[in-house]
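The values are calculated or read from the model by the stated rules, or taken from the named source; none is laboratory data. Since the structure is predicted, the reported quantities are computational estimates derived from the model, not experimental observations. Here the Cβ is made from the backbone with ideal geometry for all residues, glycine too, and neighbour counts use every protein chain on show. SASA here: full protein model, heavy atoms, side chains in, ligands and nucleic acids out. Shrake-Rupley method; radii C 1.70, N 1.55, O 1.52, S 1.80 Å.
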Amino acid sequence: MRAVCWHAPTDVRVDTVPDPKILNPRDIIIRVTSTAICGSDLHLYDGYVPSMESGDILGHEPMGEVVEVGSAITNLKIGDRVVVPFPIACGNCFFCEQTLYSCCENSNPNAAMAEKMWGHSPAGIFGYSHLTGGYAGGQAEYLRVPYADVGPVKIPDGLDDDRVLFLSDILPTGYMAAENCDIKPGHTVAVWGCGPVGQFAIQSAYLLGAERVIAIDRFPERLRMAREISKAETINYEEVNTLDALKTMTGGRGPDACIDAVGMEAHGVGLIGAYDRIKQAMMLETGRPVVLREALMAARNGGVVSIPGVYGGFLDKMPIGSMMNRSLTIRTGQTHVHRYLKPLLERIQKGELDPSVVISHHLPLEEAPHAYRMFRDKQDECTKVVLKP
Ligand code: NAD
Ligand code: ZN
Ligand code: ZN
């Protein structure tokens, strides 16, 4: 089959690789019909995630048609259309039982290696380095889905791929980020980053009752999307000082909740040393704080800072004194996607959400190298790419 393979930082290629096979009775194989590139893939693309190996298949936002089922699978049959959540979860461990699916303790065969390197072991994730299990990703013609009795959600007829594909990751991610804000009537939520995750965090904040959402970015088309689709107020951080603007817009107090939908943001600079990375993250040279610090400093006393943005390695120069003295609550996590599949699918069916609005490009799988570059560099008003194998 054809698959998008990582070879080195900024070097992804479409290669011919062996087809996946059923390895476990709880596996299925899907023929991928749509598969997206995520902001998280950019961390791999730029080489910020260790333990990628040349030839690893990328992708964790896939959907498709079931073409083979393992002997233990009774919930799905050949021909069903499914969306596959990005975290791999067993469904019956201590964490899965608490719906903390992205903390599953059975799905990462390389847990010991991750523990050694990071001091913790994440759950398995499709196409996301050997530290998260070394699973082949979904930017391919076919994908093996482990624990298929727990993860994939069956899609009813009549809903096209574009409306449901983002149940795999970024829709639940934006939703969980907003849910983590404990939004009450009258609340103002500020969202850093108007990428796909930010857009869904903005929409979800309104769905969950926020009175005002203030969206921050620098790309006019992304800010426009936040204004036009969600009626958010916007700040272009290249034109004004974000902290000052937020103060003014909230009567001097600061937003009730702040969402960091940016994460590791230094894309486009290539591989750099750890010290440079920290300097850059802290923006010591530009005088602008890293987004996370800005969100922490902006939140009102007693407010919440919700962090869907992905961080890697160590970035611990956080203003803990300010966080402590101002009674902030910090919520974060890889999204527990399984928890949100059914309720968000229902909202899509009712027409309360149309996730397809963030898509700017549909491209053949073969054009993945160009798509990665374009999405990384935000060229051609690219907001989200869906690859079609
Ligand atoms: P994206 O790259 O398309 O969007 C990031 C946006 O942040 C861009 O529009 C960029 O202009 C903006 N930005 C950069 N610096 C900024 C600043 N100083 N202030 C305000 N905005 C700034 O990526 P995306 O797909 O939307 O993903 C966003 C983040 O969410 C990434 O870190 C990704 O890894 C993470 N993510 C997390 C999960 C999870 O499970 N927690 C799931 C999916 C994605
Ligand atoms: Zn993702
Ligand atoms: Zn589990």
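Accessible area per residue, 1.4 Å probe, Å², for the chain: what's the number? Write out the running numbers ahead of the final one.
Working: 15910 Å² over 389 residues.
The answer is 41 Å² per residue.
As a test, work out the antiparallel percent of DSSP beta bridges whose residues both lie in the chain, rounded to the nearest 5.
On the way: 29 of 54 bridges.
Roughly 55 percent of the DSSP beta bridges within the chain come out antiparallel.
Can you send over the carbon and sulfur percentage of the accessible area for the chain, probe radius 1.4 Å, protein chains only? Write down the numbers at each step before the final one.
Working: 8130 of 15910 Å².
Its accessible area is 51 percent carbon and sulfur atoms.
Using the structure shown, list the pairs from Lys21/Lys384; Lys116/Lys378; Lys231/Lys342; Lys350/Lys388; Lys184/Lys342; Lys154/Lys231 with a Cα-Cα distance above 28 Å, or answer none.
Working: Lys21/Lys384 30 Å; Lys116/Lys378 35 Å; Lys231/Lys342 26 Å; Lys350/Lys388 26 Å; Lys184/Lys342 24 Å; Lys154/Lys231 32 Å.
Violating the 28 Å Cα-Cα cut-off are Lys21/Lys384; Lys116/Lys378; Lys154/Lys231.
Specify the inter-centroid distance of the range 324-340 and the range 371-389, based on alpha-carbon positions, in whole Å.
First find each Cα centre; the distance between them is then 29 Å.
Quick one: helix 220-230 against the long Cα principal axis of the chain, what's the angle to the nearest 10°, folded into 0 to 90?
Around 90 degrees separate the two axes.
What do you get for the angle between helix 368-377 and the principal long axis of the chain? Use alpha-carbon atoms, 0 to 90 degrees, nearest ten.
That works out to roughly 10 degrees.
From the phi angles alone, apply the Karplus equation (6.51, -1.76, 1.60; θ = phi - 60°) to the range 334-347 and give each ³J(HN,Hα) in whole Hz, x where the residue is Gly or Pro.
In residue order, the calculated couplings are 5, 5, 8, 3, 3, 4, 9, 4, 5, x, 6, 4, 4, 5 Hz.
Tell me whether the chain comes out rounded, prolate or oblate; compute the Cα gyration tensor, take square roots of the eigenvalues as a ≥ b ≥ c, and use a/c under 1.5 as the rounded threshold. Kindly include the intermediate steps, with their values, before the conclusion.
On the way: a/c = 1.59, a/b = 1.44, b/c = 1.11.
Cα axes put the chain in the prolate bin.
Around Gly252, what is the net charge, scoring Lys/Arg as +1 and Asp/Glu as -1 over all other residues with Cβ under 12 Å from its Cβ? The partial results should precede the final answer.
On the way: positive: Lys247, Arg253, Arg300; negative: Asp244.
Summing Lys/Arg as +1 and Asp/Glu as -1 gives +2.
Expressed as a whole number of Å, what is the distance separating the alpha-carbon centroids of the range 177-244 and the range 10-26?
Computed from Cα coordinates, the inter-centre distance equals 37 Å.
Once the Cβ-Cβ distance between Asp244 and Asp380 is put in as r, and R0 is 30 Å, what FRET efficiency do you end up with, to the nearest 0.05? List each step's numbers first, then the result.
Details: r = 32 Å, r/R0 = 1.07.
It comes to 0.40.
What does the helix-only formula give at 222 nm for the chain: each DSSP H stretch with n ≥ 4 adding -39500 (n - 2.57), the total divided by the residues, and the result rounded to the nearest 500 deg cm²/dmol? Mind dumping the intermediate values first?
Numbers: 13 runs with 110 residues, N = 389.
Helices in the chain give a 222 nm mean residue ellipticity of -8000 deg cm²/dmol.
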